[in-house]
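Student: Okay, handing you the structure first.
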Amino acid sequence: MITLTIDGKKIQIEEGTNVLEAALRNGIDIPHLCYHSDLSVSGGCRLCQVEVEGYDQPVTSCGMACAEGLVIQTQSERLTAIRRNLIDIFLADHPLDCVTCDKAGSCLLQKYAYEYGVKETSYIPIYSKTLYQDDNPFFIRDHQYCILCGRCVRVCDEIVGVHAIDFANRGFESHIATPYDGPMIDSSCVFCGNCVEVCPTAALLPVSRLKRGREWDLERVDSICGYCGVGCKIEYAVKDNEIIYAQASVQESVNGSFLCTKGRYGWDFAVNPERLTQPMVRRDLAYSLGISTENWRLPKVSPLDIDKPDVDDYFIPVDWETAYEIVSSKLVDIVKESGPDAIVGLASARCTNEENYLFQKLMRAVIGTNNVDHCARL
Ligand code: SF4
Ligand code: SF4
Ligand code: SF4
Ligand code: FES
């Protein structure tokens, strides 16, 4: 551990930590746009400059390693002037659409423009990057809001490892592109949406949140992804009891700031009107068990061959007691007829350890078989 001083506060931190990270971890907010604590340092935005005792010129705090005895100032008239000018430059190539922008309230550029009182650019604005791209069902790319911080490129390279995007062209023509500027869908993108999550502006947004509410309209609900055994922590942005979008919840989670495509975009089943919410029994079984008086026979055409089979044509709802009764009597019949090893139990990684423990107990001690397995994707 080494000790340094930031804004008069003595800070102890592991050697190798950069000054920006040390400040952020200790509740000192240095403005930053290109830095993300899970990605490599690019030093592109220059916003995080600080004054270091003994140095003539300010230095970028994300690019400076903490050293024993360093004395840092994160606020000064000179730094304010530098930051105001940098924000001014960003706004020279960024439309002032905050009043209608979906990202308002959670946009870092907006936050810093507000904090440093930059209402508009003093340069002649050139809004050149107007290529709105909605070439995939998951997120939109709106280059006019891109500040070229490169977070998306780095997350795709360093965390996801698919290198689907990179910088293209130069100057005002610079933009983030797939190879040959082709559609996202034709690139190596796996639609994990991690680039969307780390983007500080409205350049990348989930399709599901467009015009569905802004930061102050959304409630945050913590959850655990149910798709596999990793158990990634998820934060749902919710409005009027509907999920608007999902993002990784960084606090003490196994997944840190990141999610895969299923966790990030695969939540629409939660409000799907076809979602099963009670046990269902096939109509012919219901008739043979006396639950229904309708003498129904399975149609010759398999439901698998019907474009959109209606579950109500084949099944009737029953209460949980009835469902348990049917399942347990069928299990008893199978054991009597063919022995316990004719049964296999498949548990789920979505269950807790305790639930899975009880499930194997049921199979071994009650049914009498060791045929127990689980699938991480059940
Ligand atoms: S991306 Fe940010 S700064 Fe740009 S219009 Fe939207 S809220 Fe405003
Ligand atoms: S969605 Fe994932 S794979 Fe696709 S560009 Fe973004 S980070 Fe890369
Ligand atoms: S799309 Fe977003 S994350 Fe990528 S460079 Fe532009 S502003 Fe940064
Ligand atoms: S955050 Fe340090 S240069 Fe961008």
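Student: In segment 237-259, what residues are touching a residue at least 24 places away in the same chain (Cβ under 8 Å), of a type in the set (A, V, I, L, M, F, W, C) and outside any strand (DSSP E or B)?
Tutor: The answer is 254, 258, 259.
Student: Now a separate question. Inspect all residues belonging to segment 58-77 and state whether any of them is under 26 Å from the mean Cα position of the chain (by Cα) and within 14 Å of ligand 3 (Cβ to nearest atom).
Tutor: For segment 58-77, residues under 26 Å from the mean Cα position of the chain (by Cα) and within 14 Å of ligand 3 (Cβ to nearest atom): absent.
Student: Tell me the strands (runs of 3 or more DSSP E) entirely within segment 298-378 that contain at least 2 residues that are under 23 Å from residue 280 (Cα atoms) and open to solvent by less than 50 Å² (accessible area, probe 1.4 Å).
Tutor: 345-348
Student: For segment 14-51, name all the residues that are in contact with a helix residue (DSSP H, G or I) (Cβ under 9 Å, 6 or more places away or on another chain) and not in a loop (DSSP other than H, G, I, E, B).
Tutor: Selection gives 18, 19, 20, 21, 22, 23, 49, 50, 51.
Student: Which of the numbered conditions does residue 69 fail, given that it passes all the others? Conditions: (1) within 30 Å of residue 193 (Cα to Cα); (2) more than 15 Å from ligand 4 (Cβ to nearest atom).
Tutor: Failed condition: (1).
Student: Another one. Kindly provide the set of residues from segment 66-91 that are touching a residue at least 12 places away in the same chain (Cβ under 8 Å), outside any loop (DSSP other than H, G, I, E, B) and closer than 14 Å to residue 51 by Cα, ordered by number.
Tutor: Within segment 66-91, 71, 72, 73, 78, 79, 80, 82, 83 qualify.
Student: Considering only segment 98-142, how many residues are within 20 Å of the chain's Cα centre (by Cα), within 23 Å of residue 174 (Cβ to Cβ) and open to solvent by 50 Å² or more (accessible area, probe 1.4 Å)?
Tutor: Here the count works out to 1.
Student: Considering only segment 164-236, give the strands (runs of 3 or more DSSP E) lying wholly within it that have at least 1 residues that are within 16 Å of ligand 4 (Cβ to nearest atom) and not assigned by TED's automatic domain parsing to the domain that holds residue 263.
Tutor: In segment 164-236, 166-168 are the strands (runs of 3 or more DSSP E) which contain 1 or more residues that are within 16 Å of ligand 4 (Cβ to nearest atom) and not assigned by TED's automatic domain parsing to the domain that holds residue 263.
The values are calculated or read from the model by the stated rules, or taken from the named source; none is laboratory data. Keep in mind that this is a model prediction, so the values were computed, not measured. Note: ideal-geometry Cβ built from the backbone for every residue, glycine included; neighbour counts use all protein chains shown. Just the protein is used for accessible areas: all its heavy atoms, side chains included, with ligands, DNA and RNA removed. Shrake-Rupley method; radii C 1.70, N 1.55, O 1.52, S 1.80 Å.
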